Every structure is written in structure tokens, then in C-alpha cells.
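The values are calculated or read from the model by the stated rules, or taken from the named source; none is laboratory data. Computed from a predicted structure; not experimentally measured. Note that each Cβ is placed from the backbone with ideal geometry, even for glycine, and that neighbours are counted across all protein chains shown.
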Amino acid sequence: MLTADVEVDRRDFTVHASLTVAAGERVALFGPSGAGKTTVLETIAGLVWPRRGLVELGGRVLTSTGSPAVEVPPWQRRVGLLRQDPGLFPHLPVRANLLYARSAAGAELTAIARQLGIDELLPVMPARLSGGQRHRVALGRLLLAHCDALLLDEPFASLDETLRRALTVLVKDLSSEREVPSVLVTHQLSDAQAFADRLLVMDQGYVLQAGAPDEVVLRPATRRVAELVGYLGFVPAAADGGGHRSAGSPAGSGAAGSAGSGAGVVAGVHPDRVMPGADPSRGLVVTGTVEAARPSGAGWEADLRAGDASFTCRLPDRPDSAQVSVTLLDPPLFAPDGSLIPAAAAVSPPA
């Protein structure tokens, strides 16, 4: 098990992070660039000394600011750190790169190389490898070093989406198979969801929410978390008297429901949680003016304006009129202070 509870001073803010990762568990630190995610990884790896904190791995204290202080050097931590730059030695062939942290070759090298799909590249020099092949070699080197924890700092960010996803899933499977606690840093939500059992959303040095990836996306704890996990707009909403979770209307939008007692309450609009047409039984109905529409995958992405609110949604077909009605499927509601309104509190008692 990996545990870290640290505070690290940076030039612009202090990073506060506390996480526990069980053997075989995969955690993703997700958030915008500059949120403090890499600082957490570097502190665990022993590259950054915290103002206050404790890092333990498998019962071993790696960092402690208590008395006596403990600071295990990075090369003695048995922690593997994989960054965007694979860091291969250009003068050594793939085989020597793989075995750099090991003293002898053997069946394990052959098995790992085959598992990573690089068994035919062992005599090849790094300059002749593709980007994906170089990352596979770097990953193989970590696996052969038998690290007790795996830290991934956006290692595949420079690769195309298909290859990035394939390697992310490969690392996920290998870390689970070896029962190694693993932490991925990323600002790509799709990568975090493909990798993680648990998602920690970070911003400005703080963990804003932690939970299963689907739970965090569907029920963001605050409006700020919603913005970070892909909600592209917020519309006024209010509870009604019929027991629906939410039914409100942006002023002048023509949406179903009543704004009555919900002044200041807004519903988050996730572009993938929008259904064309009006169905109040499924969620919040909003009618808006189409400001722009563009192809998005197999469907269309549309920018709508309803009163003073604007939002973006994805629809199966191009909007065929200047105004369209859509239904926000069970949207999260946020109070004026930005906090999530629990489902039980978001509905009025039946009349």
C-alpha cells in the first residue's frame, strides 16, 4: 500500500494532498495544468521535499518531516516514475535499456518483451524506434526493476489518441496483474477514466473531490469540479412540486417547470447527457437559440443560448431550426455558492 499526506510549497500556492493507494489499485490525479499533480508525484518519488508530510510504501517510511526526519533517496525507494520523455539511453540497444536496472537477463526479460510487443526489437537502437515503441521499452525497464509502486506523469501525452489509449490500458492491466499501487497524472479525462479505479480531481493545489470516475463525472461535488470534468454550461433551474429531481427554466427560454423557489440554483450541462426533444420526466427541459453547430464524431455539437445562459451539447443530428428544445438528463444542481445540492434536497415534497 502507498500512502502520502503532504504539503508542498510552490511559488504560487501550497499543494495539499492526501491519498492512499492499495496494492493493485489505480488512482488518477486529474486536473488542469499547474494544479499541483506532478508535485505530488515528485514528492512520492523523493524528488521534492515537502514542508510537512509523510510518505509510506509497503510499511516503509520514505519521507517524514517529523522527528526524526526521514528522507530515503529516490534510487532506494523502489518507486518507478515514467514521464513523457521515455529517458532511454541512446547509445544502448533495447535489450541493454531494459536491463539497465537489472544485473542479468533471463526468461523474465523475454516474457516482458513479448507482453509489451517489443521482443523483436531487442537489438535495435532507440533512434530507430517509434514514439510508442520507446514508451514500451521505458515501461518494460520499470517492470523489470520490480518497483513497489508505479507513478505515471502523463507518459503518453505526446502520442496519438489510439496509441495513448492502448498503452494506458496496457499499464492498467500490468499494474493490476502485479498488484502494484499505481498513480497516473493527466489532464485528459478520457485517459483517467480508462485507467483509474478512483479519480482525484485537483485544482490550485487542493483535491476537490475523490471517488469512482463515473460518480465524479455524474455527481460533481462543486460547480468548479463540474467545469473540470467536462460540463459546458449552466442554466437556471428550480425544484418543482411534482417530485421530479429538477425542473426549472431559464428566464424567457420556454423551458418546462417553474423557477419559483430555486432562485440562484443552476443545473450543469454535460454535452453527453443531453437528449433532443422535451421530456420533463427524464430531466430538465430547455429551449434555446442555436448560435453555432459543427460536426463532432458521428453527431453534431451545438452551442445554444437560453436567456442569459449559454451551453454546449452534442446531438445525433444537425439542428434543423433556429430554436430547439433539449432535455438535460438528470443534471446535477448547484447552489449559489457552487456546492452540489443533494438529490434528496433538490426535490420538493409531492403536493
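Listed values, structure above:
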quantity	calculated
Flag if VAL15 is out of contact with any helix residue (DSSP H, G or I) (no Cβ under 7 Å at 6 or more places or on another chain) and either surrounded by 14 or more Cβ atoms within 10 Å (Cβ to Cβ) or part of a strand (DSSP E or B) (or both)	no
Failed item in (1) surrounded by 18 or more Cβ atoms within 10 Å (Cβ to Cβ); (2) without any contact (Cβ under 8 Å) to a residue 24 or more places away in the chain; (3) not in a strand (DSSP E or B), with PRO331 passing the rest	(2)
Selection status of VAL6, in a strand (DSSP E or B) and under 13 Å from ASP153 (Cα atoms)	no
Every residue from the stretch 127-182 that is hydrophobic (A, V, I, L, M, F, W, C), farther than 23 Å from TYR100 by Cα and in contact with a Lys or Arg (Cβ under 8 Å, 6 or more places away or on another chain)	ALA157
Residue pairs meeting the criteria (Cβ under 6 Å; at least 6 apart or on separate chains; first farther than 16 Å from ALA267 by Cβ, in the stretch 212-227; second modelled with pLDDT under 95 and in a helix (DSSP H, G or I))	PRO213/GLN193
Residue list for the stretch 139-164, filter: in contact with a strand residue (DSSP E or B) (Cβ under 6 Å, 6 or more places away or on another chain) and either under 15 Å from LEU29 (Cβ atoms) or modelled with pLDDT under 85 (or both)	ALA149, LEU150, LEU151, LEU152, ASP153, GLU154, PRO155
Scope the stretch 142-184; condition of a type outside the set (A, V, I, L, M) and in a helix (DSSP H, G or I); matching residues	GLU161, THR162, ARG164, ARG165, THR168, LYS172, ASP173, SER175, SER176, GLU177, ARG178
Verdict on ASP197 being in contact with an Asp or Glu (Cβ under 8 Å, 6 or more places away or on another chain), over 25 Å from ARG223 (Cβ atoms) and either of a type in the set (Asp, Glu) or surrounded by fewer than 17 Cβ atoms within 10 Å (Cβ to Cβ) (or both)	yes
Close pairs (6 angstrom Cβ cut-off, 6 or more residues apart or separate chains): under 15 Å from SER321 (Cα atoms) in the stretch 285-310, of a type in the set (Lys, Arg) anywhere	GLY288/ARG305; THR289/ARG305; GLU291/ARG305; ALA293/ARG318; TRP300/ARG318; GLU301/ARG294; GLU301/ARG314
Residues located in the stretch 275-289, provided they are assigned to a strand (DSSP E or B) and more than 15 Å from VAL235 (Cα to Cα)	MET275, PRO276
Residue match in the stretch 38-53 (condition: among the acidic types (Asp, Glu) and under 18 Å from SER182 (Cβ atoms))	yes
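Yes/no matrix, rows are residues, columns are (1) farther than 21 Å from GLU56 by Cβ; (2) among the acidic types (Asp, Glu); (3) over 29 Å from the mean Cα position of the chain (by Cα):
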position	(1), (2), (3)
GLU71	no, yes, yes
TRP75	no, no, no
GLY80	no, no, no
LEU92	yes, no, yes
ARG102	yes, no, yes
GLN115	yes, no, no
